[in-house]
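Read through the structure below, which is laid out as structure tokens, and then see the notes.
The values are calculated or read from the model by the stated rules, or taken from the named source; none is laboratory data. Predicted model, so just to flag it, every value in this text is computed and none were measured. In this analysis, Cβ positions are derived from the backbone assuming ideal geometry, glycine residues included, and neighbour counts consider all displayed protein chains. The accessibility values were calculated without ligands, DNA or RNA, using every heavy atom of the protein model including side chains. Shrake-Rupley method; radii C 1.70, N 1.55, O 1.52, S 1.80 Å.
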Amino acid sequence: MYQQFPKHKNDNMILKQKIADFTNKLQTQRYAYNTIKSYKNAITKFLLAFEKYDLKKVKEKNIENYIIYLIKTEKISASYQKQLLGSISKYFQLMLNKQLKVGHLHPKRGTFQLPKYLTKKEIIALLAVPKNIKHQCILKLLYGSGLRRSELINLQLTDIDSENMIIHIRNAKQNKDRTVMLPHKLLAELRQYYKAFKPKVFLFEGFYNKSYSASSIQKIVKNTAFKAGIKKKVTAHILRHSFATHLIESGTDIRYIQKMLGHNSIKTTQIYTHITDVSKSTIKSPLDEL
């Protein structure tokens, strides 16, 4: 049975050490930065909740009660439930050498949602807003090359291959490398940006020559969308969705798009075809035939 206990300051050091040890294990196994970050956030929540328990004696039923508690009190989403269970299983496996049987606690049915995207008209309005060349290049790379936000902030100067008009994406999701297109329209602006800002290592740098932060990228996207008069909630990932959707609309082979996006399965890429199927269909509503 899961039960909350009051927390004490002297437990903080023990908790921090557990998380540090877990992080070291994940890094040794070469997990991606974002995966480690997700695992750390989720396992911290679990360890705080179970800090008064002897984890070696914790059973699957205790974890089930904990998940039920979170569903009832915090209304956690199905995706977060999966993430939390994944981190707990990984912690027990790496730190306690124990394989948990919690498959039955994973949500069986998730809600199916089509990816949100911007129309070409909205993209034109968005890209017309920034006067700052750095912001222009950030937005155009997110949309024009279909990059994830994490991939954008980790781009280094050496990853830009202007001779072959490609961008090298290194150690992306699941530690995979791939190449994506470098839009011809963007090359001159990137050179202009480089002359103005003179980055040292990363293509987009913040303070002390470190990579630009994820929050800064999102702030640029959000503020630009607001100024462009776009009513939708716009994120960096929606620009990636827009890239894929517009390629589908233009008739690009879906397997090429799959490689560009770095999807393992073609099924992940096929979700974008659902968006365009109805809008491009020649089938008429029976109402239009009256």
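Brief remarks on what is shown
- Residue that is most open to solvent (accessible area, probe 1.4 Å) [pool: residues in segment 112-129 that are assigned to a loop (DSSP other than H, G, I, E, B) and at pLDDT 95 or above]: 128
- Test: residue in segment 158-174 that is open to solvent by less than 40 Å² (accessible area, probe 1.4 Å), under 18 Å from residue 139 (Cα atoms) and in contact with a Gly (Cβ under 9 Å, 6 or more places away or on another chain): yes
- Neighbours by Cβ (under 7 Å, 6+ apart or cross-chain): first from segment 128-151, under 19 Å from residue 261 (Cβ atoms); second of a type in the set (Lys, Arg) and open to solvent by less than 30 Å² (accessible area, probe 1.4 Å): 142/240; 146/240; 147/240; 148/240
- Entirely in segment 14-99, the helices (runs of 4 or more DSSP H) that have 2 or more residues that are of a type in the set (Val, Ile, Thr): 33-49, 60-73
- A Cβ distance below 8 Å, combined with a sequence gap of six or more or placement on separate chains, defines the contacts here; from segment 223-250, residues that are over 15 Å from residue 147 (Cα atoms) reach residues that are open to solvent by 30 Å² or more (accessible area, probe 1.4 Å) and of a type in the set (A, V, I, L, M) in the pairs 224/129; 227/129; 228/125; 228/128; 228/129; 229/125; 230/125; 248/254.
- Every residue from segment 40-65 that is open to solvent by less than 40 Å² (accessible area, probe 1.4 Å) and either aliphatic (A, V, I, L, M) or touching a Gly at 6+ places or on another chain (Cβ under 9 Å) (or both): 42, 43, 47, 49, 55, 58, 63
Here is a yes/no grid of residues against (1) modelled with pLDDT of 90 or more; (2) part of a loop (DSSP other than H, G, I, E, B):
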site: 152; (1), (2): yes, no
site: 174; (1), (2): no, no
site: 191; (1), (2): yes, no
site: 229; (1), (2): yes, yes
site: 243; (1), (2): yes, no
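- Subset of segment 154-172 [outside any strand (DSSP E or B), touching a Lys or Arg at 6+ places or on another chain (Cβ under 9 Å) and under 18 Å from residue 256 (Cα atoms)]: 172
- Segment 231-241, residues that are assigned to a helix (DSSP H, G or I) and either open to solvent by less than 50 Å² (accessible area, probe 1.4 Å) or of a type in the set (S, T, N, Q) (or both): 236, 238, 239, 240, 241
- Complete set of residues in segment 66-79 that are surrounded by 14 or more Cβ atoms within 10 Å (Cβ to Cβ) and of a type outside the set (Val, Ile, Thr): 66, 69, 70, 78
- When residues of segment 193-213 are limited to those that are out of contact with any Leu (no Cβ under 9 Å at 6 or more places or on another chain) and part of a helix (DSSP H, G or I), the one nearest to residue 164 (Cα to Cα): 195
- Segment 184-221, subset open to solvent by less than 80 Å² (accessible area, probe 1.4 Å) and hydroxyl-bearing (Ser, Thr, Tyr), residue farthest from the chain's Cα centre (by Cα): 193
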